[in-house]
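Asks: Let me begin by handing over the structure; questions about it come next.
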Amino acid sequence: MSKPQTIAAGVESFAARTPTLPPATHTQSYALGEREVILVEPATPFEDERREWLGWARELESTGRRPIALFLTHHHADHAGGAEFFARELGLPLWAHALTAERLSNVRVDRRLEDGEALTLQGPTPQAWEVLHTPGHAPGHLCLFERRLSMLLVGDMVASEGTILVAPGDGDMRQYLAQLERLEGLGAKVALPAHGGPIHDPGQLFSYYVAHRKMREDKVLGAVRRTPGSSAEELLPLVYDDTPKAAWPWALMSLRAHLDKLISEGVVEDQGERFSAAS
């Protein structure tokens, strides 16, 4: 049984088991606000975990905190798997970005949030969470930033447990790297990820993520130049020679995302799923 963890006044986390990528096994939900509360990541699809999650949400009211909405960072199943259920059981509206709403065709999104909006939560010390649209991992991905607390809720932009997949089609490596640099520029003291515990001095981690992805991109471009006309599958062992083979199915998706970025920048050409450096 998970127990809520107090992170700061009016900021609490609760971990629930979800169908996420290993080594992570849980998604962190958050209760934001000292009196009015937003519940972030109604994530779990599992019945036993849902009972625990509901108990946590309802217990907040006994401490004088009143949930007013559910908030989705994005549409992936390990973040939105309980959205419809919890909205119905708790009688709460669901808030998300419009692009997330489009991808949840069977779930009603009551409020479509946009970049720059402020979500002000009343209480002894009001909290003002700024909405940040941070596409890259998912088209409608949202983060939240509370400047007074210097606290940044980051969803799946980074993790303190496991890694972040940028998959082609759903993700966009170019946008992802740009948004990581944007988040680093905020100077937050604490980041709250969906997987793992709070991250202190997150700017270092944002910087590391950007540097690591650019290192991988350099390996992709180098492999394309050495073996022109190769497929993504043929490039994989050259680019991810430092990665266990068990992780190669996910690595292949990341490789394709890097190729898409390089193609969009005119550096690589796609010749029928065979890739060469642009002339």
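Asks: I'd like the residue in the range 131-143 that is open to solvent by 10 Å² or more (accessible area, probe 1.4 Å) and touching a helix residue (DSSP H, G or I) at 6+ places or on another chain (Cβ under 7 Å) and, out of all such residues, is farthest from Leu205 (Cα to Cα). Write out each step before concluding.
Replies: The initial filter retains those residues of the range 131-143 that are open to solvent by 10 Å² or more (accessible area, probe 1.4 Å), namely 133, 135, 137, 139.
From the residues that got through so far, the ones that are touching a helix residue (DSSP H, G or I) at 6+ places or on another chain (Cβ under 7 Å) too are 135, 137, 139.
Values: Pro135: 18, His137: 16, Pro139: 22 Å.
Among those residues, the one meeting the criterion is Pro139.
Asks: Would you point out the residue of the range 148-171, among those that are modelled with pLDDT of 95 or more and assigned to a strand (DSSP E or B), that is nearest to Ala8 (Cα to Cα)?
Replies: Checking each candidate, the answer is Met151.
Asks: Which residues, taken from the range 64-103, are among the β-branched types (Val, Ile, Thr) and closer than 19 Å to Ala15 by Cβ?
Replies: To start, the set of residues in the range 64-103 that are among the β-branched types (Val, Ile, Thr) comprises 68, 73, 100.
Thr73 - this is the single residue of the range 64-103 that is among the β-branched types (Val, Ile, Thr) and closer than 19 Å to Ala15 by Cβ.
Asks: If I go through the range 12-69 residue by residue, how many of them are of a type in the set (A, V, I, L, M, F, W, C), touching a helix residue (DSSP H, G or I) at 6+ places or on another chain (Cβ under 8 Å) and in a loop (DSSP other than H, G, I, E, B)?
Replies: Just the residues of the range 12-69 that are of a type in the set (A, V, I, L, M, F, W, C), to begin with: 14-16, 21, 24, 31-32, 37-40, 43, 46, 53-54, 56-57, 60, 68-69.
Remaining after also requiring touching a helix residue (DSSP H, G or I) at 6+ places or on another chain (Cβ under 8 Å): 14, 16, 21, 31, 37, 39, 43, 53-54, 57.
Filter once more, keeping what is in a loop (DSSP other than H, G, I, E, B): 21, 43.
Here the count works out to 2.
Asks: Can you tell me which residues in the range 19-57 are within 16 Å of Gly197 (Cβ to Cβ) and of a type outside the set (Gly, Ala, Ser)?
Replies: Result: Thr20, Pro23, Thr25, His26, Thr27, Gln28, Tyr30, Val40, Glu41.
Asks: Got a number for residues in the range 144-181 being under 23 Å from Trp248 (Cβ atoms), among the β-branched types (Val, Ile, Thr) and open to solvent by less than 50 Å² (accessible area, probe 1.4 Å)?
Replies: Total meeting the criteria: 3.
Asks: Could you please find all residues in the range 22-69 being open to solvent by 20 Å² or more (accessible area, probe 1.4 Å), among the small types (Gly, Ala, Ser) and closer than 21 Å to His97 by Cβ? Before you say what the answer is, go through the steps one by one.
Replies: As a first pass, look at the range 22-69 and keep what is open to solvent by 20 Å² or more (accessible area, probe 1.4 Å): 22-23, 25-26, 28, 34-36, 45-52, 55, 58-59, 61-66, 68.
Then keep just the ones that are among the small types (Gly, Ala, Ser); that gives 55, 62, 64.
Residues satisfying the conditions do not exist here.
The values are calculated or read from the model by the stated rules, or taken from the named source; none is laboratory data. Small disclaimer: the values here were computed from a predicted structure and weren't measured. Because the Cβ atoms are built from the backbone with ideal geometry, glycine has one as well, and the counts that use them run over all protein chains shown. These area figures cover heavy atoms from the full protein model, side chains too; ligands, DNA and RNA do not enter into them. Shrake-Rupley method; radii C 1.70, N 1.55, O 1.52, S 1.80 Å.
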